[in-house]
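**Q** Sharing a structure, written as structure tokens. Questions coming.
The values are calculated or read from the model by the stated rules, or taken from the named source; none is laboratory data. Predicted model only: the values in this text are computed from it and were never measured. Positions of Cβ are backbone-derived with ideal geometry, glycine not excepted, and every protein chain shown enters the neighbour counts.
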Amino acid sequence: MSTGDDQVTEISCHAKGAVHLFPKTTTILDIGGQDTKGIKTNPRGEVVDFCMNDKCAAGTGRFLAAAAEVMGLDVAEIGPEALKSTEELKITNVCTVFVESEILNQLSRGRKREDILAGVHRSIAGRSASLLRRVGVEDELTFTGGVARNPGMVAAVEKRMNMKVNASADSQYMGALGAALFALERAMAGVRRKEQEVTG
């Protein structure tokens with residue numbers, strides 16, 4: 001976000017929005033279509049530390065979309081389908097390019113669709129956990145980004161992190177919410193300055 005001389009990063013916006021919706025947030029996992037971020041924040045919603053995977057689409061929404069496509073499913077269907085799994089199936093590939101061939105191989109071996117999808121979700125949760133460990137996971141974890149609307153992904157992250165995860169139906173708008181809050185703060189600060197000048 002940029003207005004005049006003000007510049008606010010996407011990461012700062014996610015932190016601001018997450019703490020606004022979930023005030024006890026200390027750590028944020030943001031999974032979008034092309035990258036994944038681990039963010040540590042203070043109680044004021046200010047970023048203390050972060051790391052991100054932006055070199056490829058591994059472990060992102062694009063990875064899930066590739067899995068959905070090869071199975072002939074809508075991306076919104078794969079989370080609920082994964083929750084039906086009764087078997088721990090490991091997906092070894094985290095590369096979007098190669099995961100399709102691994103899924104096809106598993107299907108040809110007669111593995112159940114829901115077990116394969118659960119394995120895909122667990123694979124992403126594992127990559128996400130590595131990012132979060134780099135920034136340090138504290139008391140309360142909030143999941144942001146469009147992938148946070150996937151109930152299978154939320155469950156996989158909770159299981160991997162062994163903790164309850166905050167997720168909102170509006171998680172995909174968390175960055176926009178944070179940007180709006182920053183804009184509101186600046187607007188209110190401008191109003192207060194003008195009031196001081198008038199009363200001055």
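**Q** Touching a helix residue (DSSP H, G or I) at 6+ places or on another chain (Cβ under 7 Å), closer than 14 Å to residue 147 by Cα and modelled with pLDDT of 95 or more: does that describe residue 39?
**A** Here the answer is no, as residue 39 does not meet what is asked.
**Q** Also: For segment 62-75: of the residues being farther than 28 Å from residue 137 by Cα and small (Gly, Ala, Ser), which is surrounded by the most Cβ atoms within 10 Å (Cβ to Cβ)?
**A** So, considering only residues that are farther than 28 Å from residue 137 by Cα and small (Gly, Ala, Ser), the one surrounded by the most Cβ atoms within 10 Å (Cβ to Cβ) is 67.
**Q** Taking only segment 31-77 into account, find how many residues are assigned to a loop (DSSP other than H, G, I, E, B) and β-branched (Val, Ile, Thr).
**A** 1
**Q** Right, here's the next one. Do we have residue 138 as under 23 Å from residue 164 (Cβ atoms) and modelled with pLDDT under 95 here?
**A** Judged against the criteria, residue 138 is a match.
**Q** In the set 17, 59, 45, 38, which member is of a type in the set (Gly, Ala, Ser), surrounded by 23 or more Cβ atoms within 10 Å (Cβ to Cβ), in contact (Cβ under 8 Å) with a residue 12 or more places away in the chain and closer than 18 Å to residue 136 by Cα?
**A** 38
**Q** OK, next. Go through segment 59-110 and give me each residue that's on the phi > 0 side of the Ramachandran plot and either at pLDDT 90 or above or in contact with a Gly (Cβ under 7 Å, 6 or more places away or on another chain) (or both).
**A** Across segment 59-110, the qualifying residues are 72, 110.
**Q** Just checking, how many residues over segment 77-122 are among the small types (Gly, Ala, Ser) and closer than 21 Å to residue 155 by Cα?
**A** Total satisfying the criteria: 5.
**Q** Next up: Do the conditions hold for residue 119, that is, is it touching an Asp or Glu at 6+ places or on another chain (Cβ under 9 Å), crowded, with 19+ Cβ neighbours inside 10 Å, among the small types (Gly, Ala, Ser) and farther than 20 Å from residue 26 by Cα?
**A** Considered against the rule, which asks whether it is touching an Asp or Glu at 6+ places or on another chain (Cβ under 9 Å), crowded, with 19+ Cβ neighbours inside 10 Å, among the small types (Gly, Ala, Ser) and farther than 20 Å from residue 26 by Cα, residue 119 comes out as yes.
**Q** Looking at (1) assigned to a helix (DSSP H, G or I); (2) modelled with pLDDT of 95 or more; (3) surrounded by fewer than 22 Cβ atoms within 10 Å (Cβ to Cβ), which is the one condition that is false for residue 182?
**A** Among (1) assigned to a helix (DSSP H, G or I); (2) modelled with pLDDT of 95 or more; (3) surrounded by fewer than 22 Cβ atoms within 10 Å (Cβ to Cβ), residue 182 violates only (2).
**Q** Scan segment 61-105 for residues that are in contact with a Leu (Cβ under 7 Å, 6 or more places away or on another chain) and charged (D, E, K, R) and report the count.
**A** 1
**Q** The conditions are (1) surrounded by 13 or more Cβ atoms within 10 Å (Cβ to Cβ); (2) aliphatic (A, V, I, L, M); (3) part of a helix (DSSP H, G or I), and residue 89 fails exactly one of them. Which is it?
**A** The one condition residue 89 does not meet is (3).
**Q** Considering only segment 119-169, state which residues are in a loop (DSSP other than H, G, I, E, B), in contact with a strand residue (DSSP E or B) (Cβ under 8 Å, 6 or more places away or on another chain) and within 26 Å of residue 66 (Cβ to Cβ).
**A** 145
**Q** Same structure, new question: Please state which one of 178, 136, 146 is within 16 Å of residue 61 (Cα to Cα) and either touching a residue at least 60 places away in the same chain (Cβ under 8 Å) or of a type in the set (Phe, Trp, Tyr) (or both).
**A** Result of the check over 178, 136, 146: 146.
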